[in-house]
Amino acid sequence: MNQKPTIGVVSPCYNEEKVLHETTLQLNNILQKLVSKGLISDKSFAVFVDDGSKDKTWTVIEECVEKNAFIKGLKLAGNVGHQKALLAGLITYKDEADALISIDADLQDDVNVIEEMITKFISGVDVVYGVRKERKTDTFFKRNTALLFYKIMLKMRVNIIHNHADYRLCSNRVLNALSEFNEVNLFLRGIIPSIGFSNDVVYYDRLERFAGESKYPFRKMAAFAWNGVTSFSNYPLKLVTIIGFFIFIICLFMSGYALLAMFNGHLVPGWLSTVLPMYFLGGIQLFCFGIIGEYIGKIYSEVKARPRYFIDKKID
Ligand code: UDP
Ligand code: MG
């Protein structure tokens, strides 16, 4: 790269009034430092996307834009969720930068590896994934459910980077490719690896949330993991077929046994042997219908192809 690249940092915020003063300050300082070092252009910026917060997040963003030279704000019309809010930031600002870095607003991702990400980008890498070294600060529950999440994804043949969340740098051409994905059920950490281009990783320690509470309780995390599986893999559907096949084989054997018993004169008079398989098959069928239903639900929302977000305001 001949010229200094313009780098944008994109951070989705939902009810983050408590952390934004600190986050904007830190990012502003880092950008300032990198500009003085001559690594990036002075057109670089950090944009905070207000995802329809109910608290004073937008007012705080406006204050921070006033105070810090590198900070911008984008306000969405309503709450659309982390993934779509991030996408809104990435798509809106992709043409204003050579690469965009996505990061959570709560300072859990170590901002000090931004420089390393940018150095890798300058050396020609298109996607730089931030990968967590250890999860010392996560609660026991969060750590283990997260690990289980990566394991299940791997089993379900979803191509994701282990221990990578949404802290990453994407070059402009990767973002252009991303803008061609029209899906409503967004799972960015599955989409980005599927785009291709050269990639690399940087390692960092995941810190404690700076202030405020997690917006990802277990219910939301489970929904997110399930969305990841069903958006990227038809494996559950295949599983339905496999389960169905084995049950069919078992039923064949059972019928054979029943016939034999009948010819030998001692009929199986059991109530249990009739009712049990009925319950069993009923259960399995419901389960399988459920999985198929999930996908049909997904087809429904994709077919509607509704807009994923609306922008209310933009300030710099
Ligand atoms: N977030 C968002 N919209 C939502 C929920 C969360 O933009 O509906 C943002 C949130 O402000 C934060 C990031 O997504 O910057 C990650 O959320 P959080 O830190 O609560 O998740 P955790 O780190 O606990 O998994
Ligand atoms: Mg967090």
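The values are calculated or read from the model by the stated rules, or taken from the named source; none is laboratory data. What you are looking at is a predicted structure, and each value in this text was computed from that prediction instead of being measured. Cβ coordinates were reconstructed from backbone atoms using ideal geometry, including for glycine residues, and neighbour counts include every protein chain displayed. Protein only, heavy atoms only, side chains kept; ligands, DNA and RNA dropped before computing areas. Shrake-Rupley method; radii C 1.70, N 1.55, O 1.52, S 1.80 Å.
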Note to self: Pairs needed: first member in region 223-242, at pLDDT 75 or above; second member anywhere, open to solvent by 60 Å² or more (accessible area, probe 1.4 Å) and among the acidic types (D, E); C-beta distance under 6 Å; at least 6 residues apart or different chains.
What the structure shows: T230/E294
Notebook entry, point to check: Does E213 qualify as being within 16 Å of ligand 1 (Cβ to nearest atom), among the acidic types (D, E), free of Cβ contacts under 8 Å to residues at least 60 places away in the same chain and closer than 22 Å to D109 by Cα?
Noted result: yes
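Residues in region 160-167: is at least one at pLDDT 80 or above, within 16 Å of ligand 1 (Cβ to nearest atom) and surrounded by fewer than 16 Cβ atoms within 10 Å (Cβ to Cβ)?
No, region 160-167 has no match at all.
One line per residue, one yes/no per condition, for (1) over 28 Å from E180 (Cα atoms); (2) among the charged types (D, E, K, R); (3) in contact with a helix residue (DSSP H, G or I) (Cβ under 6 Å, 6 or more places away or on another chain):
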position: P5; (1), (2), (3): no, no, no
position: K18; (1), (2), (3): yes, yes, no
position: G81; (1), (2), (3): no, no, no
position: A85; (1), (2), (3): no, no, no
position: D98; (1), (2), (3): no, yes, yes
Note to self: For the structure I just gave you, tell me whether V49 is under 30 Å from E180 (Cβ atoms) and modelled with pLDDT of 95 or more.
What the structure shows: yes
Check: Of all residues in region 261-309 being part of a helix (DSSP H, G or I) and of a type in the set (S, T, Y), which is modelled with the highest pLDDT?
Finding: Y295
Margin query: With the structure loaded, tell me whether F187 is under 30 Å from V131 (Cβ atoms) and either within 16 Å of ligand 2 (Cβ to nearest atom) or among the acidic types (D, E) (or both) or whether it fails that test.
Written below: no
Note to self: So, in region 1-44, how many residues would count as being open to solvent by less than 10 Å² (accessible area, probe 1.4 Å) and out of contact with any Asp or Glu (no Cβ under 8 Å at 6 or more places or on another chain)?
What the structure shows: 8
Note to self: Within region 45-96, take every residue that is open to solvent by 10 Å² or more (accessible area, probe 1.4 Å) and acidic (D, E) and give me the one that is nearest to ligand 1 (Cβ to nearest atom).
What the structure shows: D55
Next item on the list: Please state which one of V127, V111, V131 is closer than 23 Å to L27 by Cβ, away from ligand 1 (no atom under 16 Å from the Cβ), at pLDDT 80 or above and buried (at least 16 other Cβ atoms within 10 Å of the Cβ).
Entry: V127
Notebook entry, point to check: Is there any pair with a first residue in region 163-188 that is free of Cβ contacts under 8 Å to residues at least 24 places away in the same chain and a second that is surrounded by 14 or more Cβ atoms within 10 Å (Cβ to Cβ) whose Cβ atoms are under 7 Å apart and which are 6 or more apart or on different chains, and what are they?
Noted result: A177/I195; F181/I191
Check: Quick one: is A223 within 14 Å of ligand 1 (Cβ to nearest atom) and either under 14 Å from I152 (Cα atoms) or surrounded by fewer than 12 Cβ atoms within 10 Å (Cβ to Cβ) (or both)?
Finding: yes
Check: Restricting attention to region 249-266, does a residue exist that is closer than 30 Å to A146 by Cα and either within 16 Å of ligand 2 (Cβ to nearest atom) or open to solvent by less than 60 Å² (accessible area, probe 1.4 Å) (or both)?
Finding: no
Margin query: Criterion first (closer than 27 Å to D50 by Cα, of a type outside the set (F, W, Y), open to solvent by less than 20 Å² (accessible area, probe 1.4 Å) and touching a Gly at 6+ places or on another chain (Cβ under 6 Å)) does L100 satisfy it?
Written below: yes
